[in-house]
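No lab work stands behind these numbers, since they all come straight from the coordinates. These numbers were taken from a predicted model, which means no experiment stands behind them. Backbone-built Cβ (ideal geometry, glycine too); neighbour counts: all protein chains shown.
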Amino acid sequence: MKDKMINFLKERKELFIFVGIVMLIFATVITIAELTSNDVSEVGKTTATTNNPTQTSSRPTSSSTKTNIKETMMRPLAGDQFVINRYFFDLADVANLEDSVIKTGNVYENSRGVSYGLESNEAFNVIAVFSGNVTFVDNDELLGGIVEITHENGLISRYSSLSQINVIVGDQVDISETIGVSGEYEYDLDAKNHVHLQLIYNGKFINSLNCYGKTLEEIIASM
């Protein structure tokens, strides 16, 4: 029986070798095909990323803006040609105490913000002092148009005495984006055509004159 098995294997030796070679060739072809397919797929991905303009857009997302760019506070109007028509009431600021009291009829009130205008008394575009979310909009006969923007750390910037409002609640606005136009209303007529800016954090009013060029974190830290 053993001799028969040996003779059988000898007779089939060439067949086994042939089958083995065929299987080796087949496996090699399959491996080369898979490698080629992967290379083509990767080339396609690279080409799509390179040619798709949305992948290389210079406009950052909201999250990347907050992470990579530290905004510093701007004034609520563009340029350096402005006047302050009403100061923030601060007993330590003796020189401006008289100009920090608002008179409406026979009522006197300490100013909790700063009113900005132009020497020419012309209307001007009012801009956001920081990026944020519009959380309140109103029109008041006494105060004019009012816009509130809530910023990343909870600071609120409130703009009043607006003759025109360009935003609605829910709008996301960028720093220096126009949100309205200045105006003149019965509340503080002495301030003429202006925007009254108030900064509020946890119910406390902050003098914006001390905040320009500071980040949100620096403003809160200085309170």
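Please give, to one decimal in nm, the separation of the simple spin-label points placed at residue 96 and residue 204, each 7 Å out from Cα toward the Cβ.
Each label point lies 7 Å from its Cα, and together they span 1.9 nm.
By the gyration tensor of its Cα atoms, with a ≥ b ≥ c the square roots of the eigenvalues, what is the shape of region 93-223: rounded for a/c under 1.5, prolate for a/b over b/c, or oblate? Numbers along the way, then the final one.
Numbers: a/c = 1.69, a/b = 1.17, b/c = 1.45.
Oblate, because a/c is 1.5 or more while a/b does not exceed b/c.
Over region 145-223, what is the relative contact order in percent, taking alpha-carbon pairs closer than 8 angstrom and at least six residues apart?
Numbers: 112 pairs, mean separation 22.3, N = 79.
Relative contact order of region 145-223: 28 percent.
Provide the FRET efficiency to the nearest 0.05 for the residue 163-residue 217 pair, computing r from the beta carbons and using R0 = 25 Å.
0.15
What are the ³J(HN,Hα) values, in whole Hz, obtained from phi via the Karplus relation 6.51 cos²θ - 1.76 cosθ + 1.60 with θ = phi - 60°, for each residue of region 167-182 in sequence order, with x given for Gly and Pro?
Once rounded to whole Hz, the list reads 10, 10, 4, x, 5, 9, 10, 8, 4, 6, 6, 5, 10, x, 10, 5.
Can you tally the net charge around residue 81? Count Lys and Arg as +1, Asp and Glu as -1, for every other residue whose Cβ sits under 13 Å from the Cβ of residue 81. Let's see the in-between values first.
Values: positive: 75; negative: 80, 119, 122.
Net charge in that neighbourhood comes out at -2.
Suppose each label sits 7 Å from its Cα in the direction of the beta carbon; what would the residue 125-residue 171 distance come out to in nanometres?
Between residue 125 and residue 171, the label points sit 1.2 nm apart.
Using a 7 Å offset from the Cα along the Cα-to-Cβ direction at both residue 108 and residue 135, what is the distance between the two label points in nm, to one decimal?
Between residue 108 and residue 135, the label points sit 3.4 nm apart.
What is the sum of charges, Lys and Arg at +1 and Asp and Glu at -1, for the other residues whose Cβ falls under 14 Å from the Cβ of residue 90?
Net charge in that neighbourhood comes out at 0.
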